[in-house]
Amino acid sequence: MKTLRLIVLLSFLSLIITAKILQAQNVAITSADLADVGLLDVTSYDADPTGNDDSTAAIQMALDDAYTQHKAVFIPPGTYKITDTIECRRDLTTSENYLFRVKGCQIIGSTEDEGALPTLILDDDAAGFSNTDDPKPVLRFWTYIDGESMASNGFVTGVRNLHIKVGSGNPGAIAYWHEGAQENIIMNLKITMQSGFAGMYALVGTNSVLNGIEIQADKELAGSGYKYGIYAPEARWPVITNLMISGQTDYAIYNYKSSGPLTIAGFDIEQDTAPAIKTVTTWSNGGGNITFLDGKFRIENPTDAPVIDNSAGKNIVLHNVYFGGARYIVQSGANPKVSGSDNWLHIDEYVAPHNDVGKTLINGAVASAEIIGTITLLEETPTINLRQRHAIDLSHYPSPDVMLDAIANNNGLLDNGLRVVNVVDHDVESVDRTAADSKDAPDNGLAIQSLIDDPDIDILFFPAGYYPVKQTIVLNENTHLTGVANYISRILGHKKWDNPSGLTYLIETVDMAEAAPRMSFIGLQWRTFSDLNKDWFGGVHWRAGKSEVVSTLMRSLYSDPIDGDNSGNPRIAAHFTGNGGGRWFGAGLFSVPHHNYHDDYRHLLIDGTTQPLIIYGLNIEDGHGDYQAEIKNAENILVIGAKTENANDILIQNSQNIVFNSWAGDEASMHFVDSSPVFAAPISPKKADRPGSSLREDFGNLSNSFAMDVVTALFKRGEVDLTVFFDDSLPPTPTPTPTNTAVSPTPTLPSTPTETPTPGDCAANPANLIDNPSFENGENRWSFYINSSDSSSKNDFIVTNTDAFHCDYSAQITINGGDGDNVQLYQMDVGSNISLQSNTTYQLSFAAKLDSNDSSGNNLSLHLQMHDNPYTNYGLDNIKVDLSSSWQTYTIEFTTSGFSGSVNDGRLRFWLAPYAETGDVYRIDNVELVQIDGSTPTPTNTAVPPTATHTPAPTNTAVPPTPTPGPTQTPLPTVTVTPGAGSTIEIYAAGRYGTEDMELFIDGVLAWTVENIGGNYREGDFIRYTYIHNSTVTAEQIQVHLVDTSFEGTSPGRNLRVDKISIDGQAYQSEDAYSTGTWTNIDGCTPGFKQSEILHLNCNGYFEYRDES
């Protein structure tokens, strides 16, 4: 027994001695080790980490060498004295365009010392930093093309894990100046100013990562400070997350000029006195606009100045923002200041449309007024950490030296308990860029996958180099792929990986809601091939619910010269399905200008997901399918900042809880189909003269669109729920004191007090929901409105007995002139006597006639909607009617939608604008709205379907339920005319891009024009467009034309697909008709019968429905 104890004791002592020996033999990571993985250590250039000697020249030399050697600069822990500007200048030529994302320049600081980042400190009273009229940077990144500064080509540059300090006596100093566009990084950057002009000058944008930025005065030195937190005369659609600014004397953010908006999510901004934010006038409609999401403004000494001075009238959006010491919150354009409080308050939503071109579309209602949400006074300082909502957890992203040290000394174990391996130590071979493009390059697929499948390995570190693979890499639930930087560590498809069996991805994940794979500081490239049998590669297929992607470049790569067909196959760059979710910081999706013209090609496709997904800084460009991106049948998606190029950016259909905090680009466009709740603010096209729609919504029977010259300040349907995206929750708020509610988007229309109809032979049908239907009680319960500046025109509505259809009286509306674009006869509170039931079939009938010199048709349209804001459509929307000079009865059958249970707040309106002309005399009589016998109303207390259950809008209107897609959705209204009236013509059509215009000709005369044809062109989901003519017509008289002046000879064109027409219930198929608008590769535009149901724009043709005989 004693012998056994002795053996155990000796063994224990042996372990202790061995551990001591290993500790004493700790392997130091050298500059050579760092160079092997792609990092140039500044101390190897004699930079002094003690701060005693000047390190400016040493760091500059390291930057210059790293740029030419295709490496990054590494700064070890320490303090480095700086006396002049350090520049990372990328000099390129136009012929080197293909190297814009290859020749990068990045600085990476060590995270070894968690309490102190490597610090660059500008000396007190440094020479050249005193002139505030010509400020000078400590650290600057910029790009030159052919000797000219070109911020738009500033890619793959930046810093992470760095502290910059500006000493006293440097009033003209800028700590960090960075001009650039895409795929840049500013992460974990601390700036401390004892003096200076600005903490940051200019902003990088698009899909760059700007996270964890802190700019502050040196609190330890009394009187220290600087003028501006961010001074941004040059910026390109930036998104900043987890931002802190304090100690500035002038503004936290000033002189923001850009082609597109600035989006800030998760922020703390402190200022001594207001204002903290100042907008300025810019050349672009989208430029200068700012969105603030999840943050706090703190004013130490309240004044009467607004915290946000938007006197320039730019588009400002606030969403979930706290204010402390804000006597006035914001002042926009000519609007009055929004009152706040000297104490803390919370505002859920605020939107200021652009002064000149801003509009809102809320639940189908168009307006342009400022929107002020609920302002709640708080008794205590809010403690919620909103910055943390949008912060990157740095413990998951150690610097390369820390990982190398763990590999060398601790079997790869990091302080967070995860194990990292250097892939080149495990049979993975890196090559340079030229070798990677060879068919003889090594195949690393099997070796990489075996490391991923090893349960003892969590993180795969890829040193600088290219890693070709011939198989899909599948990430397990906790796999982390990380590199040195996104431009020097890249995984790419092998040139001989050319046997895909259908759509094949470079990267896939497991399909698990709790899976949390990561990718960071790495590049992914998949190949395109001229041989369409090989051209089936996509980028990533993401099915993990808790994932995180940081600064990962994603781009296709062509493998051989492209000839012949340029459309390619229906590939997908980034595909989210199953449990796909998580957070993506800096998501750039690009393709080479080849093989991306297939209708179904998508840069981004989110299909059927429900896990929360947040994308920061989405960037989609050069995708030429029907849409560059698509979200369908999905839920819980939050996009914070997006920049696009090319039109037809994104389609969102049959989806719920979809949020876009800023969507911008050259031709920024969004198309929403049957989706609710949804939120987008703002939508900012850069080029107002481009064709197409910046916003289009098709919801049930409702369709609205804005052209490219409109900045959509806010688009909303229903109320989105942001709490699903974050683990925290807002503290309960007390009863609002005071509460400001949204401004009504249209004028409050006059109404006449309700009276009981007079009984008699002409009394109303007891089942009729319309009061005084035959105007026997004069104008009672009817109102007429025209927004003309000519006050006399508002008296054009009278009740007369000179010409009645039913009983003794009728309504007469005479158009005497004026400039009104809102002309309507309406009755409000429809359903106040007999409730309007949801999902129920109703019949509207009325008699009408028109005396007019205009024979073009479309003399009025019919609407049934909520009377007040948000003016929800109740199932009858924009049904156009062509009147004749004699009395006719019109009957419209439709199914109610847009609400649940029952309502009594409807407005039936006869909409005369824009059809009415001076001299027109309208007569209307015998208006009846009755429920069709046998239809089954929805019970009054039936709940809204779960997909549409959200906080009600300020007017307490129930959120409209999301229509079921396809044939089962709420039926479109059907329109019939009583015998003796004209024919009902229905056209079933879909536009390829939603920008096509369609014309109906009858006997060679233009009868009707419909703009921005909707539907789903490729799926064959057609919208039925109904027109009632004033006489009977036959098919031989009908022509349907495609009209679109946007065609400029480019491919593909904007086309119109017409399934059929119907005349008084008789269908005529377009593929059997005579067509002058069909184009083929062989014959071009050749007229003939039975060709196609598609009109091609470059043919400038039409369908004619005459018999072939």
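Computed quantities for the displayed model
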item: Spread of Cα-to-Cα distances over 10 Å intervals beginning at zero, given as percent, for the stretch 38-236; result: 10, 38, 38, 13, 1, 0
item: Segment V474-T1009, length gained on full extension (0.36 nm per residue, minus Cα span); result: 187.4 nm
item: FRET efficiency estimate (nearest 0.05) - Cβ-Cβ, A116 to D342, R0 45 angstrom; result: 0.75
item: Residue order, fewest to most surrounding Cβ atoms within 10 angstrom, among V204, V1040; result: V1040, V204
item: The stretch 38-236, relative contact order in percent, only Cα pairs under 8 angstrom and at least six apart counted; result: 16
item: Per-residue HN-Hα couplings for the stretch 164-175 [Karplus 6.51, -1.76, 1.60; θ = phi - 60°; Hz; x = Gly/Pro]; result: 10, 10, 10, x, 6, x, 10, x, x, 7, 10, 5
item: Cut-off under 5 Å, modelled amide H: who pairs with S130 long-range; result: G172
item: Rg over Rh, two decimals, the stretch 471-720 (C-alpha only, Kirkwood Rh); result: 0.97
item: Descending semi-axes in whole angstrom, ellipsoid equivalent of the stretch 982-1104, from the Cα gyration tensor; result: 23, 15, 13
item: Residue exposure sequence - D304, D796 - by fewest surrounding Cβ within 10 Å; result: D304, D796
item: Length-normalised contact order of the stretch 414-495 in % [C-alpha pairs under 8 Å, at least 6 apart]; result: 34
item: Peptides 73-85, 885-897, 236-248 ordered by average Cβ neighbours within 10 Å, highest first; result: 236-248, 73-85, 885-897
item: Residues in the stretch 1024-1041 reached by a label modelled at S886 [backbone nitrogen below 14 Å; 7 Å Cα→Cβ]; result: 1030-1032
item: Long-range amide H partners of V1033 with built H, under 5 Å; result: S983
item: The stretch 259-360: radius of gyration over Cα atoms, expressed as a fraction of 2.2 N^0.38 Å; result: 1.00
item: Pairwise FRET efficiency - E87 versus T30, Cβ, R0 = 30 Å, nearest 0.05; result: 0.65
item: For the stretch 346-397: Kirkwood Rh in Å [reciprocal of mean 1/r, alpha carbons]; result: 14.7
item: Between the stretch 492-515 and the stretch 990-1006, the alpha-carbon center distance in angstrom; result: 43
item: Low-density loop cleavage sites - GluC sites (Glu not before Pro) in the stretch 106-192, where at most 12 other Cβ are within 10 Å (DSSP); result: E114
item: Cross-link reach list, lysines versus K1090, counting only Cα pairs under 20 Å and skipping chain neighbours closer than eight places; result: K1060
item: Alpha-carbon centroid distance for the pair the stretch 254-332 / the stretch 380-400, whole angstrom; result: 22
item: J(HN,Hα) series, the stretch 1057-1070, from Karplus relation 6.51 cos²θ - 1.76 cosθ + 1.60, nearest Hz, glycine and proline x; result: 10, 10, 5, 6, 10, 9, 10, 6, x, 8, 8, 9, 6, 5
item: Relative exposure of D133, D432, judged by other C-beta atoms within 10 Å (fewest first); result: D133, D432
item: Long pairs among K296/K632; K439/K632; K359/K632; K71/K546; K190/K643, criterion Cα-Cα beyond 30 Å; result: K296/K632; K439/K632; K71/K546
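Bear in mind these aren't lab numbers, they're just calculated from the coordinates by the rules spelled out. Because the structure is predicted, anything quoted here is derived from the model rather than measured. For neighbour counting, all protein chains shown are included, and Cβ atoms are generated from backbone atoms with ideal geometry for every residue, glycine included.
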